[in-house]
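Participant: Below are the structure tokens for one structure; questions will follow.
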Amino acid sequence: MPERDDFSDLPGLARFGEELREATRRADAPGRRWRHGIALSLVVALGTGATATATVVALRNSVIRAPDRSVVPADQASVEGSTIVAAPRSVDPAGGPPWALRLTHSETGQTCTTVGQMRGGVFGIVGQDRVFRQIPAAVVDACGSGLLLGSRIVSAPTPGATRSIVYGVAGASTKRVALVAGGITRTVRLGERGTFVVALRGYPEDSAARVELTAANGRVTRHDLGARPGLVPDIDGAPAWRLDRYVLGTRQYCAHLADARGPSDRFKASTSAGGGRASVPTACIARRANFDWAARALRLRPGQTGRRGFDRWDYKRRPPRTLLLGVARAAGTITRVTVTGAGAPRVLTPGVNGTFALLLPASVDPNDLRLAVRLKDGTTQHGRPGHGITPDLVVSRRPR
Amino acid sequence: MPLNADDISDLYACHARRLVAFFARRTYDAEVAVELMAETFAAAVADRRSFRGDGDEAATAWLYAIARHRYGDWLRHAHVRRKALSRLGLEPPQLSDAELERIDELAGTAELRAQVADELDALSPEHRAALQLRVVEECSYEDVASRLGISEQTARARVSRGLRALAVAMAGGERCA
């Protein structure tokens with residue numbers, strides 16, 4: 001292998017190397033693997049543990065069968081008699097039985113959790129065929145030790161009925177657990193060993209779900225389950241968007257919104273309205289422009305599409321919205337964007353790539369919007385939608 | 001043998017610079033090259049447990065296979081899809097202008113630009129003018145034709161032949177180098 005590089009002339013690469021190393025370590029950490037396992041266990045009740053696969057349960061069967069104990073690893077094998085259903089319940093947004101969390105001990109002393117629904121004192125789950133089935137005590141979703149947090153996605157036969165079940169075992173010493181979802185913070189009810197469960201409409205990113213734990217000593221820790229950089233939640237809980245910047249050719253930077261959940265992540269039955277991946281027109285600025293930033297605003301209606309071509313877009317059946325989309329000519333040059341003309345001023349913090357976006361009700365006229373953009377040097381530039389925008393390439397390039 | 005955080009870190013220390021140059025030579029854009037390098041390593045982190053090779057050579061080959069795949073992805077989509085970076089919660093490195101210039105230097109894109117300029121000069125004036133309008137100024141063929149006073153079909157032919165001549169000249173240059 002070549003010699004190790006100290007990146008003395010490229011400190012940015014050195015910093016990224018450190019971040020990559022930390023991210024890899026986080027991904028390797030047992031707790032993380034536990035959570036990841038849950039995040040991927042979609043659609044049907046299925047179990048994954050901290051260290052290996054567990055039991056897949058097919059809801060189309062009339063009975064959910066307990067796994068063969070001979071194939072269940074000891075750290076996922078529940079100890080008979082140790083099972084309890086924690087007291088907290090959460091109303092199902094789709095109108096089904098309330099959600100609950102079941103706890104049990106594994107043979108190696110780990111805590112195992114199972115997410116399910118309660119009907120008539122029975123712990124089970126309603127499948128996509130709308131049939132409720134009991135989940136045997138030996139079926140567990142995941143096992144681990146210490147703080148256990150997860151979000152479980154429950155698919156549904158109709159679009160819009162997807163739910164995310166946020167749950168955890170925060171420990172008896174945890175004083176308070178708050179869930180931030182859709183910009184609203186609420187304190188959740190805690191049960192035995194600091195257990196909690198909350199059912200949310202949509203995917204975790206649709207509400208940018210985040211859990212905040214307050215320890216007995218007052219220390220607050222935050223855990224993002226749906227929030228992440230570049231995520232733009234809808235104003236009314238519709239599927240979230242991902243804000244990204246790309247370099248078009250060698251001359252333009254473009255801001256772009258697309259479904260936060262890519263097609264490969266979706267299940268057919270519960271894709272966001274319209275199926276496929278929704279997207280919007282881009283906002284582009286020339287790299288050699290005389291502007292520091294560019295922004296455009298437009299009204300988008302369900303079913304709108306752009307011209308077929310290089311940067312075609314399709315709004316699908318997303319709800320009507322007014323969209324403000326912007327991008328800086330160079331990352332890091334703008335630090336804050338204040339938008340007026342749509343009620344109270346709204347302050348946006350651009351991403352590290354210099355992009356910003358704001359979704360507003362469709363009743364807002366894009367022409368009424370005004371922007372005050374604060375630059376890194378402390379000055380503020382004022383502008384309106386259309387500022388700095390480079391014309392649509394599809395228009396400028398066609399016909400080929 | 002699956003790779004761990006230290007293995008990935010070693011790979012990064014030994015290959016990040018080369019990968020940036022690798023991408024810069026192909027994309028002619030230092031920022032895109034850095035993004036592609038970052039996405040390549042993020043993808044390597046995501047796939048680290050599926051690595052079954054043994055030794056540095058195998059790990060290097062595996063890494064460059066991912067890199068080529070990312071490059072192909074960039075060609076198809078015309079932008080860097082940050083799927084693996086998003087999964088890790090990372091943003092690509094933000095480099096200063098001086099660092100971007102350094103990458104251009106490492107990749108030798110300045111020499112390449114000079115070579116392209118030389119080869120353009122060597123083209124016939126008709127072909128050079130057609131390429132200038134179509135490729136540099138991004139005019140439509142209709143505009144190219146009207147500005148050169150020729151038919152659209154002839155404009156297309158001149159651009160096509162000009163590009164082919166340029167490609168042949170550049171390929172020849174590489175062989176000689």
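The values are calculated or read from the model by the stated rules, or taken from the named source; none is laboratory data. This is a predicted model, so every value here is computed, not measured. Using ideal geometry, Cβ is built from the backbone for each residue, glycine included, and neighbour counts are taken over all protein chains shown.
Participant: Can you pull out the residues in segment B:117-139 that are within 13 Å of chain A (Cβ to nearest Cβ) and at pLDDT below 85?
Facilitator: B:V135, B:V136, B:E137, B:E138, B:C139
Participant: Report, by residue number, each residue of segment B:112-150 that is outside any helix (DSSP H, G or I) and farther than 12 Å from B:L166 by Cα.
Facilitator: Kept after step one, since they are outside any helix (DSSP H, G or I), are these residues of segment B:112-150: B:123-124, B:137-140, B:149-150.
B:E137, B:E138, B:C139, B:S140, B:G149, B:I150, listed by residue number.
Participant: If you go through segment B:55-65 one residue at a time, do you hit one that is within 18 Å of the chain's Cα centre (by Cα) and more than 12 Å from chain A (Cβ to nearest Cβ)? Show your work before the answer.
Facilitator: Of all residues in segment B:55-65, those within 18 Å of the chain's Cα centre (by Cα) come to B:63-65.
So of that shortlist, the ones also more than 12 Å from chain A (Cβ to nearest Cβ) come out as B:64-65.
The answer is yes; a qualifying residue exists.
Participant: Considering only residues of segment B:75-111 that are in contact with a Lys or Arg (Cβ under 8 Å, 6 or more places away or on another chain) and assigned to a helix (DSSP H, G or I), which is surrounded by the most Cβ atoms within 10 Å (Cβ to Cβ)?
Facilitator: Across segment B:75-111, the extreme among qualifying residues is B:A107.
Participant: Next question, about the same structure. Only residues that are touching a helix residue (DSSP H, G or I) at 6+ places or on another chain (Cβ under 8 Å) and within 14 Å of another protein chain (Cβ to nearest Cβ): list them for segment B:140-152, please.
Facilitator: B:S140, B:Y141, B:E142, B:D143, B:V144, B:A145, B:E152
Participant: Taking the criterion of being away from chain A (no Cβ under 12 Å) and of a type in the set (V, I, T), would at least one residue in segment B:67-80 satisfy it?
Facilitator: No - not one qualifying residue is present in segment B:67-80.
Participant: Quick check on my filter: what residues within segment B:1-10 are in contact (Cβ under 8 Å) with a residue 40 or more places away in the chain and either assigned to a helix (DSSP H, G or I) or within 8 Å of chain A (Cβ to nearest Cβ) (or both)? Outline the logic, then answer.
Facilitator: Kept after step one, since they are in contact (Cβ under 8 Å) with a residue 40 or more places away in the chain, are these residues of segment B:1-10: B:1-4, B:7-8.
Across segment B:1-10, the qualifying residues are B:N4, B:D7, B:I8.
Participant: Also, quick follow-up: Any idea which residue in segment B:21-39 is surrounded by the fewest Cβ atoms within 10 Å (Cβ to Cβ), counting only those that are facing chain A (nearest Cβ under 7 Å) and not acidic (D, E)?
Facilitator: If we filter segment B:21-39 for residues that are facing chain A (nearest Cβ under 7 Å), which is where we start, we get B:28-29, B:31-32, B:38.
When the remaining residues are screened for being not acidic (D, E), the result is B:28, B:32, B:38.
Working: B:Y28: 17, B:V32: 22, B:A38: 28.
Checked segment B:21-39; the qualifying residue surrounded by the fewest Cβ atoms within 10 Å (Cβ to Cβ) is B:Y28.
Participant: If you check every pair at least six apart or on different chains, which have Cβ atoms under 8 Å apart with a residue in segment A:134-158 that is surrounded by 23 or more Cβ atoms within 10 Å (Cβ to Cβ) first and a residue that is of a type in the set (D, E) second?
Facilitator: Within 8 Å, the pairs are A:C143/A:D75; A:G150/A:D141; A:R152/A:D141.
Participant: Also, I was wondering about something else. Please specify each residue of segment B:50-67 satisfying the condition of being among the charged types (D, E, K, R), in a helix (DSSP H, G or I) and in contact with a helix residue (DSSP H, G or I) (Cβ under 9 Å, 6 or more places away or on another chain).
Facilitator: Answer for segment B:50-67, where residues must be among the charged types (D, E, K, R), in a helix (DSSP H, G or I) and in contact with a helix residue (DSSP H, G or I) (Cβ under 9 Å, 6 or more places away or on another chain): just B:D56.
Participant: Would you point out the residue of segment B:11-20, among those that are buried (at least 20 other Cβ atoms within 10 Å of the Cβ) and closer than 15 Å to B:A65 by Cβ, that is farthest from the other protein chains (Cβ to nearest Cβ)? Quick ask: steps written out before the conclusion?
Facilitator: Just the residues of segment B:11-20 that are buried (at least 20 other Cβ atoms within 10 Å of the Cβ), to begin with: B:11-13, B:15-17, B:19-20.
When the remaining residues are screened for being closer than 15 Å to B:A65 by Cβ, the result is B:11, B:15, B:19.
Working: B:L11: 8, B:H15: 7, B:L19: 10 Å.
That would be B:L19.
Participant: Next question. When the residues of segment A:161-194 are narrowed to those that are surrounded by fewer than 16 Cβ atoms within 10 Å (Cβ to Cβ) and modelled with pLDDT under 85, which ends up nearest to the chain's Cα centre (by Cα)?
Facilitator: A:G183
Participant: Let me ask something else about it. From the list A:A362, A:A330, pick out the single residue that is within 14 Å of chain B (Cβ to nearest Cβ) and either modelled with pLDDT of 85 or more or under 22 Å from A:Y253 (Cα atoms) (or both). Even if it seems obvious, please write down each step before you answer.
Facilitator: Working: A:A362 fails: within 14 Å of chain B (Cβ to nearest Cβ).
It is A:A330.
Participant: Looking at this structure, is A:V91 over 30 Å from B:N4 (Cα atoms), surrounded by fewer than 17 Cβ atoms within 10 Å (Cβ to Cβ), away from chain B (no Cβ under 14 Å) and modelled with pLDDT of 75 or more? Full working, then the answer.
Facilitator: Details: over 30 Å from B:N4 (Cα atoms): yes; surrounded by fewer than 17 Cβ atoms within 10 Å (Cβ to Cβ): yes; away from chain B (no Cβ under 14 Å): yes; modelled with pLDDT of 75 or more: yes.
It is true that A:V91 is over 30 Å from B:N4 (Cα atoms), surrounded by fewer than 17 Cβ atoms within 10 Å (Cβ to Cβ), away from chain B (no Cβ under 14 Å) and modelled with pLDDT of 75 or more.
Participant: What's the number of the only condition in (1) under 25 Å from A:P302 (Cβ atoms); (2) more than 27 Å from the chain's Cα centre (by Cα) that A:R374 fails to meet?
Facilitator: For A:R374, the exception is condition (1).
Participant: With respect to A:L225, determine if the residue is within 16 Å of the chain's Cα centre (by Cα) and either under 17 Å from A:P93 (Cα atoms) or modelled with pLDDT of 85 or more (or both). First the steps, then the outcome.
Facilitator: Working: within 16 Å of the chain's Cα centre (by Cα): yes; either under 17 Å from A:P93 (Cα atoms) or modelled with pLDDT of 85 or more (or both): yes.
Yes: the conditions hold for A:L225.
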